[in-house]
Amino acid sequence: MTNQELAHAFKNIYGKEATNIYFCPGRINLIGEHIDYNGGLVMPCAINYGTYLLVSPNTENRIRFRSLNFKETTDNGIGDNFEKEGGTWFNYPRGVIRFLAEKGMDITGGFDLLYYGNLPIGAGLSSSASIEVVTAYAFNELFIGGFSRLDLVKLTKAVENSYIGVSSGIMDQFAVTFGAKDMALILDCNSLAYETVNVPLNDHVLAIINTNKPRTLAGSKYNERVQECQEALQCLRKELSITELCQIDAETLHQHRHLITNETVWRRARHVVEENDRVKRAAVVLKQGDLKAFGQLMNESHISLKELYEVSGKELDTIAEYSRHYSGVAGARMTGAGFGGCAIAIIQSDNFEDYKNDLVGFYTETIGYAPEVYRSEINSGVAGISLETIKQLKQNSMTTEDKINRRYTELIYV
């Protein structure tokens, strides 16, 4: 949906034009899976899909929440407590506004808000973090809150953990806030120290493949993996002075193999430590501009997640294995928690359309339903968007109004 169409949708809903528009991307993790809670390194990047927020002040001292993706709406008075309500989408922005107020932001005057996201919901691309961060960024700008980007990252993570009730790490909020064009972040999730590294795609593009599988087991299996890693850590601490698995390298881990007698726990520890080493090697080869070597590390990462950590599943394995043998693919792997969600592949640009069509056909025949394949770029983090594109609506509205109204109707009643 274009900025112009969004502006027209806002005017249809609120009877006035938006005064500000913001965008926050989603994110993928290029490599470094299931090690953020083990003291390791991750390599996320922001993408060019995400959440748009259009804003305009009102004189009623009300904050009104609307979305083009969901039918549920809500209004709140400025003095309301913004309590969580069930499992609806607007809990994410409401939680942010509540936490901003608790941190001392003086929110005076009402606002009309319209959200639109083009991220697949629940596919592991951080749609919730995108909504949270775009809200925090917008209100920080509107009320000159003085919060730094890192402040906003910490605040929105607190919303996710304490208000929404999801025990997630900080990678998602950090990536969509600090993302840089054509760059990946190498992030230490404990210290929050990070650096950027160029991803030399050149004549390649990033493919994101949504399995469209519901991830009903992800939560319980995630907690199970955390517990297994903690068991491995306690075994190793009998001889090693460490507080996190990723404080050792693979060589040290194998030297102390005798300490971990449970074979399943040993496989989990192997993945974590070896994956952390892969992130370090990935940073080196990217700095050298070696996309082929980086792709090989992606392939190794997926195999480890499949065989050692056991978090992939038939759907993700089908995508990764098919992609690895497809002409022009440098590397492919699952991204996110697993058990469904998304995979990623780096594919030569000229081959993308053929790859997309062939993969959809093969996956549908193998799994029984179709995936979604997105051509993506590595994008910058949350930001405001120039209003010039919105102003152009006035000049073009007569010729585009019917088209925009049809598109708006399709979106609002999905």
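Taken together, the values in this text are just the output of simple stated rules run on the coordinates, not laboratory data. Remember, it's a predicted structure, so these values are computed and weren't measured experimentally. So basically every Cβ, Gly included, is an ideal-geometry build from the backbone, and we count neighbours across all protein chains shown.
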Within the set S126, S191, S349, GNM on the chain using Cα springs under 10 Å gives the largest fluctuation to S191
Percentage of Cα-Cα pair distances in segment 197-313 greater than 19 Å, rounded to whole percent? 55 percent
Listed by chain and number, the residues whose amide H is under 5 Å from that of N58, excluding neighbours fewer than 5 places away on the same chain and using placed H, are G110, F111, D112
Taking θ = phi - 60°, what integer Hz values does the Karplus form 6.51 cos²θ - 1.76 cosθ + 1.60 yield along segment 344-350, in sequence order, with x for Gly and Pro? 10, 9, 9, 10, 4, 4, 5
Report the Cα centroid-to-centroid distance between segment 293-331 and segment 1-48 in angstrom, as an integer. 26 Å
Helix-derived [θ] at 222 nm for the chain: sum -39500 (n - 2.57) over DSSP H runs of at least 4, divide by residue count, nearest 500? -14000 deg cm²/dmol
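Report, in debye and to the nearest 20, how large the dipole of the chain comes out about its Cα centre when Lys and Arg carry +1 and Asp and Glu carry -1 on their Cβ.
400 debye
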Rounded to two decimals, what is the ratio between the C-alpha radius of gyration of segment 126-245 and 2.2 N^0.38 Å? 1.31
Which of these, E310, E160, E195, has the largest mean-square fluctuation under a Gaussian network model of the chain (Cα springs below 10 Å)? E195
By how many degrees, between 0 and 90 and to the nearest 10, does the Cα long axis of helix 388-412 differ from the longest principal axis of the chain? 70 degrees
Pulled fully out, how much extra length does the chain show between S386 and R281, if you take 0.36 nm times their separation in residues and subtract their Cα-Cα distance? 33.9 nm
Apply the Karplus parameterisation 6.51 cos²θ - 1.76 cosθ + 1.60, with θ equal to phi minus 60°, to every residue of segment 56-73 and state each ³J(HN,Hα) to the nearest whole Hz, in sequence, with x for glycine and proline. 8, x, 10, 9, 9, 6, 10, 10, 10, 10, 9, 9, 7, 9, 9, 7, 5, 10
Which angle from 0 to 90°, rounded to the nearest 10, does the C-alpha axis of helix 218-236 make with the longest principal axis of the chain? 40 degrees
Using Cα atoms only, what is the angle between the long axis of helix 314-324 and the major principal axis of the chain, expressed in degrees (0 to 90) to the nearest 10? 80 degrees
Built amide H within the under 5 Å cut-off of I28, gap 5+: C45, I47
Which of the GluC sites (Glu not before Pro) found in segment 270-305 are in a DSSP loop and have at most 12 neighbouring Cβ atoms, other than their own, within 10 Å? none
Once phi for every residue in segment 135-142 is put through the Karplus expression 6.51 cos²θ - 1.76 cosθ + 1.60 (θ = phi - 60°), the whole-Hz ³J(HN,Hα) values, with Gly and Pro written as x, are 5, 4, 5, 4, 5, 5, 6, 5
Two-decimal ratio, segment 32-113, of alpha-carbon radius of gyration to 2.2 N^0.38 Å: 1.40
